[in-house]
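The structure under discussion appears below in the form of structure tokens.
The values are calculated or read from the model by the stated rules, or taken from the named source; none is laboratory data. What you see is a predicted model, and the numbers here were worked out from it, not measured in a lab. Virtual Cβ from ideal backbone geometry, glycine too; neighbours counted across all protein chains shown.
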Amino acid sequence: MSSSISRSITRRLGVGLAAAALATGLVAAGPSASAAQKPINPDTSATWLSKQLTGGVVHNDQFDFDDYGLTADVGFALAALEGNGPTLRQVTKALSKHVDSWTTGVDFGSSDVYAGSTAKALVFAQTVGKNPRKFGGTNLVRQLTALVSTTGPTKGRVQDRSTTGDFANTIGQSFAATGLMNAKADAGKSALKFLLKQQCTKGFFRLELSDKSAADQSCDGAPKADRAPDTDATALTLINLLSLERPSPKARDAAHKAISWLRKSQKADGSFGGGPSTEASNANSTGLAGWALASADWCPNAARAARWLTKLTVTSDEAGTKLARQKGAVGYDRKAFKAALTDGITKDTRDQWIRATAQAAPALVYQSGVGCPS
């Protein structure tokens, strides 16, 4: 998701400005899903995302559960595209109401507390201008602080408190570092320091953290198999680093290295692949990377990513197909897009389409190559 938390979003919401003008005024022509050169208006993606909500949340019909993490991704996208509008306020109300279901195992009768979800909820509350110490009656700063290791090589590392295992990763660590630092929490500095250790020399951030027993918890100190480049982790971490209100020199240096790696990793057609299991070009990775580079003021790179994404965005050109009523939706890749032309967006594929649209749509703002936040 997290994009979503760039300085541009925080600034717009913080001063009470709407982003509608940005979403409509900075869009220039780019290749659509057809061969013709047509502009893609990101507002259509915001509208489509809004229609995927039920009572302010994304409900996964395939497995019959409310997906609060994906709901937050939709909220972050709406914040970028529309500002603090009615739909985002509905999402905020719903997530605050269900914050315990989102961040703990309360619905399963357990005392589990999840670090990544708590960190994401903390940053979401900050992004929409809510008090993270009173979000839905939960003090997310305190809850997250309790999940930050305080001793040994793992000091600063966030970790789930769960009987089923610890699934915290670098993405959650990046949300935690930014959220705690911006909340001026004591654990923020150690969380940020641990996050920066997850950046390898080449500039990328890995996704999975080292085993807790390892004396060296850094990316460079891990076995080769445990330090694979990950575009999504790098892009989201970069967005989080750019969201720090008072970035340290080391955080700035890490951001510059991440920018350099992302720019070098961009393919000739403007797209990005993800991590080891998603190496092929896809909308999620391309959207997050494009958004991150736009947040870092690298508009030409962001524009190339946005123009590639237009090829996977549903437009009026799909009239007469099963995608005719899905204007603004973004497909994961060309295979998924083509399949939906005849099969439509089904119960089994809707989750993928929502996630791809939420992570890709904010990058569509930068098709023109101008308008990056400054």
Hey, K184 in contact with a Phe, Trp or Tyr (Cβ under 9 Å, 6 or more places away or on another chain), modelled with pLDDT of 95 or more and outside any helix (DSSP H, G or I) or not:
no
By residue number, the members of region 150-165 that are in contact (Cβ under 8 Å) with a residue 40 or more places away in the chain, in contact with a helix residue (DSSP H, G or I) (Cβ under 8 Å, 6 or more places away or on another chain) and assigned to a loop (DSSP other than H, G, I, E, B) are T150, T154, R157, Q159, D160
Given the criteria farther than 29 Å from P229 by Cβ and either among the hydrophobic types (A, V, I, L, M, F, W, C) or out of contact with any helix residue (DSSP H, G or I) (no Cβ under 8 Å at 6 or more places or on another chain) (or both), does G344 qualify?
yes
Could you pull out every one of the helices (runs of 4 or more DSSP H) wholly within region 18-125 that has 3 or more residues that are more than 19 Å from the chain's Cα centre (by Cα), exposed (fewer than 15 other Cβ atoms within 10 Å of the Cβ) and modelled with pLDDT under 95?
20-25
Quickly run through region 187-199 and pick out the residues that are outside any helix (DSSP H, G or I) and without any contact (Cβ under 8 Å) to a residue 24 or more places away in the chain.
K197
What about K130, is it at positive phi and free of Cβ contacts under 8 Å to residues at least 40 places away in the same chain?
no
Restricting attention to region 272-309, and to residues there that are hydroxyl-bearing (S, T, Y) and surrounded by 24 or more Cβ atoms within 10 Å (Cβ to Cβ), which single residue is farthest from S368 (Cα to Cα)?
S285
Go through region 140-153 and give me each residue that's buried (at least 20 other Cβ atoms within 10 Å of the Cβ) and of a type in the set (S, T, N, Q).
Q143, T145
In region 291-301, how many are farther than 13 Å from P42 by Cβ and either of a type in the set (A, V, I, L, M, F, W, C) or in contact with a strand residue (DSSP E or B) (Cβ under 9 Å, 6 or more places away or on another chain) (or both)?
5
Condition first: under 25 Å from R355 (Cβ atoms), surrounded by 17 or more Cβ atoms within 10 Å (Cβ to Cβ) and polar (S, T, N, Q). Can you find one or more residues in region 316-323 that meet it?
no
Working only within region 337-374, note down all residues that are without any contact (Cβ under 8 Å) to a residue 24 or more places away in the chain and part of a helix (DSSP H, G or I).
K338, A339, A340, L341, T342, D343, Q352
Note on region 85-141: residues within 20 Å of L236 (Cα to Cα) and basic (K, R) are K120
Report yes if some residue within region 209-232 is without any contact (Cβ under 8 Å) to a residue 24 or more places away in the chain and of a type in the set (A, V, I, L, M); otherwise report no.
yes
Output the number of residues of region 312-335 satisfying the condition of being touching a Leu at 6+ places or on another chain (Cβ under 8 Å) and either closer than 25 Å to A235 by Cβ or touching a residue at least 40 places away in the same chain (Cβ under 8 Å) (or both).
10
